[in-house]
Amino acid sequence: MDKYDGALLAILQNCGELEPFLDVILGFLNRKTDFFRPLSPDGTMGFPPGVARDKLLKVFSKYEQVSQTGPSTPQVSPKVASSPKVATSPKVETSPKVAGPPGEASSTRPPTPPTTPGAQSKQEEIQGDFTTSNWEHHNGGLTDQYAWSQTAQDVDMKMVLPREDVKASDLKIDIKAHGMKVQMKQESELKTILERTFHDPVKVEESLWSLHKGECIQVSLEKAREGYWWTSLFKDDGHSISLDTVDTTRHIHEFPQEEVACVQNLMFDQRQKQLGLPTSDEMVSAGPSAVYLLLYPVRRRLTSR
């Protein structure tokens, strides 16, 4: 699991404290999985009462025991180990001017120092990862500076790194409801490398960013208007897509829990009708004893075959 340390540490630094970090993890499970949902009537989704909690406590107990009996001290960031608060970049006042078009951003990159032939080939290999051509852009688009994709609920953005040795501590990314600002430390100062306005508002408390070292900056945004499809990531950036090309198919997990329960209930009733069994409404109106009398003859015929 060490391969996820970079992304998780970036999220932890962005949250500032352990409790918001845990809230992000569990919130993800709540939004994107059926971890917190009760078991569905057909048994295909959710968990019986107490099972999800037991799974969580089982993993907690595992690492609690490892920390007490393990042979070595876990490797943690010194700033996090000394205090539950995570150090963040200092606030620096910068010009409110909006950054230019994506094509101009490349001019802000520092010149590449001369290297030996062996080091040059290694550098070319690293810089080859800076292209956006192979990045995911489902229902979104590509530019020279970033790639973005979207679902009915979320927008995901990957941004090219200004240089290959960027660390999370070098970055200050401010996500607001209507836009975002990306700053990078250069010679002890914060320089703005991107400042744009979103196509549509986002939920700040549900949005976050992480650094994939040597690859990209990834920003995950949650739409303020669920089900509203964006035609561009930023306003007036000249990179719009046609809504005719957007795949509006939605997985059942992407719907609100109330709608999912309604769909599951309809599926259950349809299956009951196919088997000649009472629907959920008939069960409620008939009462427990009547339901048993309705179900028993059918079950006896099914088991006798």
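Taking only the C-alpha atoms of region 159-239, Rg followed by Dmax gives 13.4, 43 Å.
The aspartates and glutamates whose alpha-carbon is closer than 18 Å to the alpha-carbon of Lys223, local same-chain residues fewer than 8 away aside, are Asp154, Asp156, Asp174, Asp200, Glu205, Glu206, Asp247, Glu254. For Lys62, a cut-off of 19 angstrom between C-alpha atoms picks up these aspartates and glutamates, skipping any fewer than 8 places away in its own chain: Asp2, Asp5, Asp54. Accessible surface of His137, taken over heavy atoms with a 1.4 Å probe and every protein chain present, rounds to 80 Å². Approximating the spin labels as points 7 Å out from Cα along Cα→Cβ, the Glu187-to-Val284 distance works out to 7.0 nm. Packing order of peptides 220-227, 52-59, 37-44, highest average first: 220-227, 37-44, 52-59 (average count of other Cβ atoms within 10 Å over each peptide's residues).
Checking the a/c ratio against 1.5 first, then a/b against b/c, what shape does the Cα gyration tensor give for region 141-275? Here region 141-275 falls in the prolate category. In the assembled protein chains, Thr249 presents an accessible area of approximately 100 Å² (probe radius 1.4 Å). The 3J(HN,Hα) values that the Karplus relation (6.51, -1.76, 1.60; θ = phi - 60°) gives for region 157-162 are, in residue order, 10, 10, 10, 5, 6, x Hz. Gly and Pro appear as x. Extension gain for Thr69 to Phe36 (0.36 nm times residue separation, less C-alpha to C-alpha distance): 8.8 nm.
Each residue, Val246 and His138, gets one label point 7 Å from its Cα in the Cβ direction; the gap between the two is 1.6 nm.
Dipole size in debye (nearest 20) for region 145-188 around its Cα centre, Lys and Arg Cβ +1, Asp and Glu Cβ -1? Don't skip to the answer; put the middle values down first.
Numbers: 7 positive and 7 negative charges, 27 e Å.
The dipole of region 145-188 has a size of about 120 debye.
Mind giving me the FRET efficiency for Gln270 and Lys213? R0 is 51 Å, r the Cβ-Cβ distance, nearest 0.05 is fine.
Values: r = 50 Å, r/R0 = 0.98.
Once the sixth-power term is evaluated, E becomes 0.55.
Hey, which of these cross-link pairs are over 22 Å Cα-Cα: Lys32/Lys181; Lys32/Lys172; Lys172/Lys213; Lys32/Lys235?
Pairs exceeding the cut-off: Lys32/Lys181; Lys32/Lys172; Lys32/Lys235.
Counted residue by residue at 0.36 nm each, then reduced by the alpha carbon distance between them, the extension gain from Leu22 to Asp5 reaches 4.6 nm.
Estimated from the Cβ-Cβ distance and a Förster radius of 35 angstrom, the FRET efficiency linking Val204 and Val51 is about 0.55.
The values are calculated or read from the model by the stated rules, or taken from the named source; none is laboratory data. From a predicted model like this one, the values you see are computed outputs, not experimental measurements. So basically every Cβ, Gly included, is an ideal-geometry build from the backbone, and we count neighbours across all protein chains shown. Keep in mind that these areas ignore ligands, DNA and RNA; they rest on the heavy atoms of the full protein, side chains included. Shrake-Rupley method; radii C 1.70, N 1.55, O 1.52, S 1.80 Å.
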